[in-house]
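The values are calculated or read from the model by the stated rules, or taken from the named source; none is laboratory data. Every value quoted in this text rests on a predicted model; they were computed, and no experiment measured them. Here the Cβ positions follow ideal geometry from the backbone for every residue, glycine too, while neighbour counts run over all protein chains shown.
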Amino acid sequence: MCGIVGYFGQKNPKDVIVAGLKRLEYRGYDSAGVAILDGPLGDQHIKVVRAQGKLAELSKKLETESFSGRLGIGHTRWATHGVPSERNAHPHTVDGLSLVHNGIIENYQDIKKELASEGATFNSDTDSELVAHLLSRAVRETKDLFKAVENVLPLLRGAYAIVAMWEKQPDVLVAFKNGPPLVIGLGEKEVIVASDVQAIISYTNKVVYIDDHEIALVKGTDLKVFTTAGHLVKKETQTINWSADQVEKAGFKHFMLKEIHEQPRAVASAMAPHINLETKSVELKDLGLTTEQLKKIDRIFIVACGTSYYAAVAGKYVIEKLAHIPVETDIASEFRYRGPVIPPNTLVVTISQSGETADTLAALRLAKKLGALTLSICNVRASSIDREANGRIYMNSGPEIGVASTKAFVSTLAVLNLFGMFLGSLRGRLSAQDQSAAVENMLALPAQMESVLAYDKFFGEAAMKLKDYRGVLFMGRGVSYPIALEGALKLKELAYMHAEGYAAGEMKHGPLALIDDRMLILMVCPSDEHYEKSLSNLEEARARGGKIMSIGTGDNAALKAVSDDYLSLPDASWMVNPILAALPVQLLAYHVAEALGHDVDQPRNLAKSVTVE
Ligand code: F6R
């Protein structure tokens, strides 16, 4: 996702910002830029240099540029609103006010209308430029960047981390956030603001993390942090002491935790090749199957093992709903031996992170032998399953080192959503308008995921309660059901705790007998069409003395009332909810396992690639 670096200090801001952006390259990006002060003291102006493509393109342009100022900001952009291009690259500048932004401004259309009615003209297609307009308008009145930010904040809805500078205050940076991370490094004679400590660590190991609804004011080398209500906050300065091993893990204690936090980027990478940002439509490029072949399909099987199988179950809900094609899901080891009946015009989709899982590979070979058209969804390119299938879509998650799959799972969910949308539109079941709305929802997803991950500490605290139970019943309905299955698997394999995933409607058909005060029910219950029914299930469990932890949407009073613990997710569409809900279930399992002292990256008896039956 987008990377942010801001700098004030004795060094050349250009060098520090570009080096910092380089460190953030792992987040993925499609354009980059800097805004740095230049000119004689007392008459400094912002000079902006931006380039589409890799940082090398920006560096080339910067070779001939020099800046006399000490203040600057830089950004690597992952396109959400507006195609990847130089004009959409950050920083965005309006009348001497420049900013960089990571996230999504949800009410950008209302803001744009208001600004346009005042005669504003726009130089990009981004939501971020609109914030620059709002701040520029405010600073004309307040003559102070910090006060301008205070005035503008109530106008913004969405997830954002923003760093702004104004040429009339050549030693001031103002940073504020709601969701995506921001951290400030305090050096000897310098301050570095960044989206990630990686960009800071080679200059200083003293850092302050900014929390949601706080505004950080950097004035020279002084840092003050305020609440949005204007109260000074006493922030703790943390010392980062990373070992070589931690540098490899980007400062995270385990690969798994790093990979959980990489998920917004993994999902963005999975989607990027397939979304046309101009038409807001899905274009499955390099699929290897023709439109004619896909139009003929009237049945789909999705076959996989473990976590990949649970992604398949989610895919069934999405494809059936969007494309109206019957979908069967199969555990690969069952499919290959049960003598599956494959009618003509069947597509068999095999899902495998490693692309080498023996049962999934055997299922693929059998499907081909039985005359099915096949499509693989793999993370590892040129793996056996990838090579042997007729068509392919990549998870594009980047290497997954932790044995327990995390980022490959959410990337698969994202890819299956796009596949469902693509088939829906191909078969005339999904209108262009509905497709464009669904694409917008998917584009907002990485920023929403970042805002969920920002509550990692909170999930860690909830996990401490979970570890004292005899077992956990994960439940969900509709597309939340596979998340319940996945939550239970994660807890089993990492914490070695007994857990079951159930369709919540099944509760009365057996599991209710298990309920007592030592069995936790964990209900995945976002505000969707199944919400009321899941709530009733929880009330039944409550009436029988059950202990409940629920995952819901926003500040849901009814769910809170029926639950001992409540974990909240941002408001999202039904298709996006399971991807958001996957994050707390992963983090709960991770933190329980960590607290129990287990080897989180290599759980006992498990292997990353299961190449034998
Ligand atoms: C669980 C996990 C496994 C794998 C399964 C299939 O965290 O990682 O359940 O999902 O072994 O592996 P792939 O996707 O490589 O076929």
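Could you list, in sequence order, all residues of region 240-290 that are on the phi > 0 side of the Ramachandran plot and of a type in the set (Gly, Ala, Ser)?
Within region 240-290, Ala250, Gly251, Gly288 meet the criteria.
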Task: Breaking point among (1) more than 21 Å from Ser573 (Cα to Cα); (2) touching a residue at least 40 places away in the same chain (Cβ under 8 Å), for Ala323 - done: (1)
Task: Hits in region 250-297 - residues which are touching a Phe, Trp or Tyr at 6+ places or on another chain (Cβ under 7 Å) and buried (at least 20 other Cβ atoms within 10 Å of the Cβ) - done: Met256, Leu257, Lys258, Ile260, His261, Ala268, Val282, Leu284
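Of the residues Glu388, Glu400, Glu450, only one is closer than 17 Å to Arg265 by Cα and within 14 Å of the ligand (Cβ to nearest atom); which?
Glu400
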Open item on the list: Just checking: which of the strands (runs of 3 or more DSSP E) contained wholly in region 480-568 hold 3 or more residues that are in contact with a Gly (Cβ under 7 Å, 6 or more places away or on another chain) and not acidic (Asp, Glu)?
Closed with: 498-503, 519-524
Open item on the list: For region 375-385, give me each residue that is closer than 18 Å to Leu413 by Cα, within 14 Å of the ligand (Cβ to nearest atom) and buried (at least 21 other Cβ atoms within 10 Å of the Cβ).
Closed with: Ser376, Ile377, Cys378, Asn379
Task: Those residues of region 96-125 which are assigned to a loop (DSSP other than H, G, I, E, B) and either of a type in the set (S, T, N, Q) or crowded, with 21+ Cβ neighbours inside 10 Å (or both), in sequence order - done: Asn107, Thr121, Asn123, Ser124
Open item on the list: List the helices (runs of 4 or more DSSP H) inside region 244-320, counting only whole elements, that have at least 2 residues being in contact with a helix residue (DSSP H, G or I) (Cβ under 8 Å, 6 or more places away or on another chain) and within 16 Å of the ligand (Cβ to nearest atom).
Closed with: 255-261, 263-271
- [ ] Give me a count of the residues in region 416-437 that are buried (at least 24 other Cβ atoms within 10 Å of the Cβ) and either within 15 Å of the ligand (Cβ to nearest atom) or of a type in the set (Lys, Arg) (or both).
- [x] 1
Task: Residue within region 492-500 that is within 13 Å of the ligand (Cβ to nearest atom) and either closer than 18 Å to His261 by Cβ or outside the structural domain of Arg518 (by TED's automatic domain parsing) (or both) present - done: yes
- [ ] Would you check if there is a residue in region 346-365 being more than 27 Å from Pro578 (Cα to Cα), more than 16 Å from the ligand (Cβ to nearest atom), in the same structural domain as Ser405 (by TED's automatic domain parsing) and surrounded by fewer than 20 Cβ atoms within 10 Å (Cβ to Cβ)?
- [x] no
Task: Hits in region 515-543 (condition: buried (at least 17 other Cβ atoms within 10 Å of the Cβ) and of a type in the set (A, V, I, L, M, F, W, C)) - done: Ile515, Met519, Leu520, Ile521, Leu522, Met523, Val524, Cys525, Leu535, Leu538, Ala541
